[in-house]
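**Student:** My questions all concern the structure below.
Values quoted throughout were computed directly from the atomic coordinates according to the rules given, and no laboratory measurement underlies them. Since the structure is predicted, the reported quantities are computational estimates derived from the model, not experimental observations. Positions of Cβ are backbone-derived with ideal geometry, glycine not excepted, and every protein chain shown enters the neighbour counts.
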Amino acid sequence: MSYVVLRADLETTLDRGQARPEPELTDADALTGLHGAFADLGALDPHAIDTTRLDAQQTAAEVRKAVAAGDYLLT
């Protein structure tokens, strides 16, 4: 089983989150809290992909490539 966390910097997370249409989560405090919850994954930190400079298509391609290569397998 693969485990991948998509993680952008806080500014990008807020920009993307607040650009979503209702009823999606757009609240800055909630988005900041979620960002903080995934900021330090401990031993699973190598399973995070920095998506700050990636668009949705690039992110999907990166995830597909990494999962196909077995880069994010849980052991």
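**Student:** List the residues whose amide H sits under 5 Å from the amide H of Ala48, counting only those 5 or more places along or on another chain, with H placed 1.01 Å from N in the peptide plane.
**Tutor:** Under 5 Å from the amide H of Ala48: Val5.
**Student:** A further question on this structure: Compare the Cα positions of Thr52, Thr75, Thr32 along the charge dipole of the range 28-75 (+1 at Cβ of Lys, Arg; -1 at Cβ of Asp, Glu; about the Cα centre) and return the one farthest towards the positive end.
**Tutor:** Thr75
**Student:** Using θ = phi - 60° and the Karplus curve 6.51 cos²θ - 1.76 cosθ + 1.60, what whole-Hz ³J(HN,Hα) does each residue of the range 15-23 get, with Gly and Pro shown as x?
**Tutor:** For the range 15-23, the Karplus curve yields 4, 5, x, 6, 7, 6, x, 4, x Hz.
**Student:** Rounded to the nearest 20 Debye, what is the dipole magnitude of the chain about its Cα centre when Lys and Arg each give +1 and Asp and Glu each give -1 at the C-beta? Spell out each step's value before the answer.
**Tutor:** Numbers: 6 positive and 13 negative charges, 73 e Å.
Computed charge dipole of the chain: roughly 340 debye.
**Student:** Could you run the Karplus curve 6.51 cos²θ - 1.76 cosθ + 1.60 with θ = phi - 60° over the range 41-52 and give me ³J(HN,Hα) per residue in whole Hz, x for Gly and Pro?
**Tutor:** 8, x, 5, 8, 4, x, 8, 9, 10, 6, 9, 3
**Student:** OK, next. To the nearest 0.05, how large is the calculated FRET efficiency for Asp55 and Thr75 if R₀ is 30 Å and r is the Cβ-Cβ distance? Walk me through the numbers before you get to the answer.
**Tutor:** Values: r = 31 Å, r/R0 = 1.03.
So, using R0 = 30 Å, E works out to roughly 0.45.
**Student:** Given Tyr3, Gly17, Gly42, which one lies farthest toward the positive end of the charge dipole of the chain, if we put +1 on the Cβ of every Lys and Arg and -1 on the Cβ of every Asp and Glu?
**Tutor:** Tyr3
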